Amino acid sequence: MEKKRLSIFFLLMFVALCVTQVNAQLGDRILINGYSSFEFERQFGDEGEGDPNGSFDADLFDLVFNVYATNNLRVAADFSWEHGAATEDGRGNVVVEYAFGEYSVTDAFRLRAGKMFTHFGIYNEIHTAKPAFLTVKEPQSTNKNHKFGSDIRFYPRWATGIAALGNTTVGEADLDYIVQITNGEQELQELTNPHEEDDNKGKALSGRVRLSPNRDLQLGVSFHTDGFTELDSLGAASDGRTRLTSYGAHAEWSSDNVGLEVEFVAGSVSPSVGEKVSRTAYTAMVYFPLQDTFIPYFRYESLDPNTNIEMDRANLFVYGVNVQVDDGLFLKVELNTVNSDENNASFSGVSYTELKAAIAIGF
């Protein structure tokens, strides 16, 4: 009986040791992070495209997984629940922001395949990570220009395909790059899932290069080009292709007392028949880290959605403050003032001011 008890005891100890080792191995290989943003918006006055009712918004809750299958292979995924997602009630949105595998040949050369963000400019790859930037929302003129007077974005938010990327040094400077080949934009998204099937033979090409001469300064350039299917008068796919071309440049600089951020994006939409639409946008922000936890900021944004049309520009002025309440906990409060020309497709010359606030959490 005593031998049986000892055998059971040693068996349980062995199982516990194995479980502990497995958990330790999983803990070393799997990293789970996330973030959320709870927001409030209130437009002053009844005219404008803001929220005149003053509404709370469970903007998003994201879980980010990084699984290091081997020393060279990483699998990454970001799952997002937006605006109080409840599919049974048809509310909100549940989305796989990205899901890809990445294999490192060297630090300077990695290969990626799957669904990913389009790496363009400063904000697109971090637009869901609200604790990662100062303002409540990313810039509208350069990142959401389709809500600022343009018919189509400068580049798609997401893309599915393959990419080559890496980071290295050039002299004393750090450099990183990425080049993506993807299905790109599609006019027939209600019929064709661009993350499953392309509706034409052409592929989109995107890329970005960033150079950091020192820890205070970063310079970057980006591009995106694509040709997507046009629709005929009956709404069916035709042989025509619209060419989308966008390019941009950005700079970020910071010191102990002040920081600057500027971004310029331009490009064109060229249909097979008809007039080419050229557009330009820029944003500039200055901020003052009075303390590590208290940062006032001011940002100006401007979009010209069609350089061939007079009086269609839209502008946005953002005045705000970002307060770090605790590690990973941020309070943002700002005023957004929009003014526009009478021919702007989104605002039609109406000016308005909106209060925006957010509690952003990163973990």
- Scan the stretch 247-284 residue by residue and report those that are under 22 Å from residue 118 (Cβ atoms), in contact with a Pro (Cβ under 8 Å, 6 or more places away or on another chain) and not β-branched (Val, Ile, Thr). 263, 279
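Are any of the residues in the stretch 251-260 under 26 Å from residue 162 (Cα atoms) and either surrounded by 15 or more Cβ atoms within 10 Å (Cβ to Cβ) or at pLDDT 95 or above (or both)? It would help to see each step written out before you state the result.
Just the residues of the stretch 251-260 that are under 26 Å from residue 162 (Cα atoms), to begin with: none.
No, the stretch 251-260 contains no residue that is under 26 Å from residue 162 (Cα atoms) and either surrounded by 15 or more Cβ atoms within 10 Å (Cβ to Cβ) or at pLDDT 95 or above (or both).
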- Message: Just the residues that are in contact with a Ser or Thr (Cβ under 6 Å, 6 or more places away or on another chain) and acidic (Asp, Glu), please, taken from the stretch 288-309.
- Response: 301, 304
- Is it the case that some residue within the stretch 193-208 is over 23 Å from residue 270 (Cα atoms) and either β-branched (Val, Ile, Thr) or in contact with an Asp or Glu (Cβ under 8 Å, 6 or more places away or on another chain) (or both)? no
- Item | the stretch 139-176, residues that are of a type in the set (Ser, Thr, Tyr) and either surrounded by fewer than 18 Cβ atoms within 10 Å (Cβ to Cβ) or in contact with a Ser or Thr (Cβ under 8 Å, 6 or more places away or on another chain) (or both) | 141, 142, 155, 160, 168, 169
- Taking the stretch 339-363 and keeping residues touching a helix residue (DSSP H, G or I) at 6+ places or on another chain (Cβ under 9 Å) and crowded, with 22+ Cβ neighbours inside 10 Å leaves 358, 360
- Item | Candidates 298, 288, filtered to the one that is within 14 Å of residue 134 (Cα to Cα), surrounded by fewer than 22 Cβ atoms within 10 Å (Cβ to Cβ), modelled with pLDDT of 95 or more and over 22 Å from the mean Cα position of the chain (by Cα) | 288
- Message: For a quick check of your reading of the model, give me the residue pairs whose first member lies in the stretch 325-354 and is without any contact (Cβ under 8 Å) to a residue 24 or more places away in the chain and within 16 Å of residue 137 (Cβ to Cβ), whose second is among the polar types (S, T, N, Q) and exposed (fewer than 15 other Cβ atoms within 10 Å of the Cβ), with beta-carbon atoms closer than 8 Å and at least 6 apart or on different chains.
- Response: 337/351
- Task: Name the single residue, out of those in the stretch 164-181 being touching a residue at least 40 places away in the same chain (Cβ under 8 Å) and more than 17 Å from the chain's Cα centre (by Cα), that is farthest from residue 104 (Cα to Cα).
- Result: 172
- Which one of 96, 136 is crowded, with 18+ Cβ neighbours inside 10 Å, under 15 Å from the mean Cα position of the chain (by Cα) and of a type in the set (A, V, I, L, M)? 136
- Message: Test of understanding: among 281, 360, 266, which residue is of a type outside the set (D, E, K, R) and farther than 21 Å from residue 221 by Cβ?
- Response: 360
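The values are calculated or read from the model by the stated rules, or taken from the named source; none is laboratory data. For clarity, every value in this text was computed on a predicted model and none was experimentally measured. Note: ideal-geometry Cβ built from the backbone for every residue, glycine included; neighbour counts use all protein chains shown.
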